[in-house]
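See below for the structure under consideration.
Derivation of every value follows stated rules applied to the coordinates shown; laboratory data play no part. Remember, it's a predicted structure, so these values are computed and weren't measured experimentally. Cβ coordinates were reconstructed from backbone atoms using ideal geometry, including for glycine residues, and neighbour counts include every protein chain displayed.
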């Protein structure tokens, strides 16, 4: 059971890296596009009318693409002064509680993002100037939040399957 | 529910979650959600969250964040930062050049990178072993590098000023420009600290340092990139040629070219920089989203407004209010890191500062300096641990903390100057407008 969970966890971690890679690619596109926009505005005196809204819309997937990757890399800031002093068993229980809370928060945001993706797909909601469909930007955000939530669930299951003594 | 019940309840829940080690973005969201469900049923709260998420992240100004983070990561992984330190250390032959060089390199790094920790890590990684090898005192070496990193937070571009501008709805360009003069004063103060330290403890600064003379070409290749990137950002924003986001994009692209061209950046390091940016964005993505929910709950119950009214009803002098706020931030900074503090506390504090009659651009600079103190104060002083980690056993955390004390005094002195002469921060933005 534990080995299967570890395999699943490793698969989600690979997925987390791919999602982060996708977000990174968007950052490169934004950097080049905005720089191009500045250049054509001053050099060719012909402003790019798409750049501002398009790159701002692209920020939405970037904001969530690194969520699971940050968890994998333990990049979320936390204060562990108190929990470090706890006995192993109690610390393990607190870790389970924390992972459960992270799953609950991730799950809530995932639900909101999935609901927004479906809602914007059916309503045909679009951006203000370019009229790009909103669901195109909600969908990658929702996918990132879902992978984060599933990854957290697997990590929680792993914690539940691990005894505090075997961790030490 | 009364506003004070919500305020106290939110704060208690948040503190409880933070104390049990729940990562701060999740603690912020987990504390807000029960109160959100007091106002709305579950399905309405989902719709509210959708609207809030879309509203906060479709923001062209916010786009500057990943671009500046990426720029800092590129500099950190290329030789541009270390090269600047080598020039300021070897190219300038004076007693204590390695210490002054560290301050200069941190300031130069600060002009292209907005993160204090990346500043300490990049320059400290090269300078700390070198200073200890040359015979500098351990406390001086670690103190100057931990404090030097904080220059990145004040000298534009600054991520803290950027987030401050987003939360308080102030002009990012004006905030960046307001940080320039205080940043220069702080560099001068840090140099004075080293000078006085050398007088009081001559044994901490070696009388002679072996230094290889650099050729003009070498000097140009070490100073040139930082100068070019720093000027691109500052001049573009100052003259209004580009918005902060555009300046971030152009300077990031320029940094990619320079890092590959003269900074010996490898393809693997480039990919690492991108992934490190996404790692930071992962945490910021959730922090900002949770911060918006937190802000929504606070605003719905009129907590900032009522808190401000209550505070003002005591008829305290504005400077007493400011002192209380600064002491609060310095105390809180011992336990929380600056970005989280910004999203947790500022929505409530900035209306109070505005009502007390303080200019919010000026307060942004003062606030940023308190954040610099926060990263230098234990037990959660990020820069202290960065320098101790780089030292690999050669410096203790006690050395770093004691070494930082005179530099913290310099930061407090700078706050004093800003209170006595607000124009120190406001002169350049006024000139710009």
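Tabulated values for the structure
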{"quantity": "Mean separation of Cα contacts under 8 Å, 6 or more apart, over the residue count of region A:1-109: relative contact order %", "calculated": "29 percent"}
{"quantity": "Chain B: relative contact order as a whole-number percent, Cα under 8 Å and 6+ apart", "calculated": "26 percent"}
{"quantity": "Centroid-to-centroid separation of region B:1-55 and region B:264-319 [C-alpha atoms, Å]", "calculated": "14 Å"}
{"quantity": "Square roots of 5 times each gyration tensor eigenvalue, C-alpha, the protein assembly as shown, largest first, Å", "calculated": "37, 28, 27"}
{"quantity": "Residue mean of other protein chain beta carbons inside 10 Å, B:38-50", "calculated": "3"}
{"quantity": "Nearest-ten-degree value, helix B:116-134 long axis tilted from longest Cα axis of chain B", "calculated": "30 degrees"}
{"quantity": "Stretchable slack from residue A:136 to residue A:160, in nm (0.36 nm times residue separation minus alpha-carbon distance)", "calculated": "5.0 nm"}
{"quantity": "Neighbour-count order for B:57, A:138, fewest beta carbons within 10 angstrom listed first", "calculated": "B:57, A:138"}
{"quantity": "Anisotropy class of region B:243-297 from Cα gyration tensor, a/c 1.5 cut", "calculated": "oblate"}
{"quantity": "Per-residue average of Cβ from other chains inside 10 Å of B:289-295", "calculated": "2"}
{"quantity": "For region B:130-172 versus region A:88-139, the gap between their alpha-carbon centres in whole angstrom", "calculated": "34 Å"}
{"quantity": "Sequence ranges B:243-251, B:413-421, ranked by mean other-Cβ count within 10 angstrom, highest first", "calculated": "B:243-251, B:413-421"}
{"quantity": "Projected area averaged over orientations for region B:91-176, convex hull of C-alpha atoms, nm²", "calculated": "5.9 nm²"}
{"quantity": "Per-residue average of Cβ from other chains inside 10 Å of B:364-372", "calculated": "0"}
{"quantity": "Segments B:383-392, A:113-122 sorted - mean Cβ within 10 Å per residue, highest first", "calculated": "B:383-392, A:113-122"}
{"quantity": "Shape box of region A:1-133 [Cα atoms, principal axes, largest first, Å]", "calculated": "67, 36, 29"}
{"quantity": "Cα pair count fraction exceeding 17 Å, expressed as % - region A:2-49", "calculated": "57 percent"}
{"quantity": "Whole-number D in µm²/s for region B:43-115 (Stokes-Einstein; Kirkwood sum over Cα pairs; 20 °C, 1.002 mPa s)", "calculated": "143 µm²/s"}
{"quantity": "Cα gyration tensor category, rounded, prolate or oblate, for chain B with a/c compared to 1.5", "calculated": "prolate"}
{"quantity": "Cα gyration tensor, region B:174-262 - rounded (a/c under 1.5), prolate or oblate", "calculated": "oblate"}
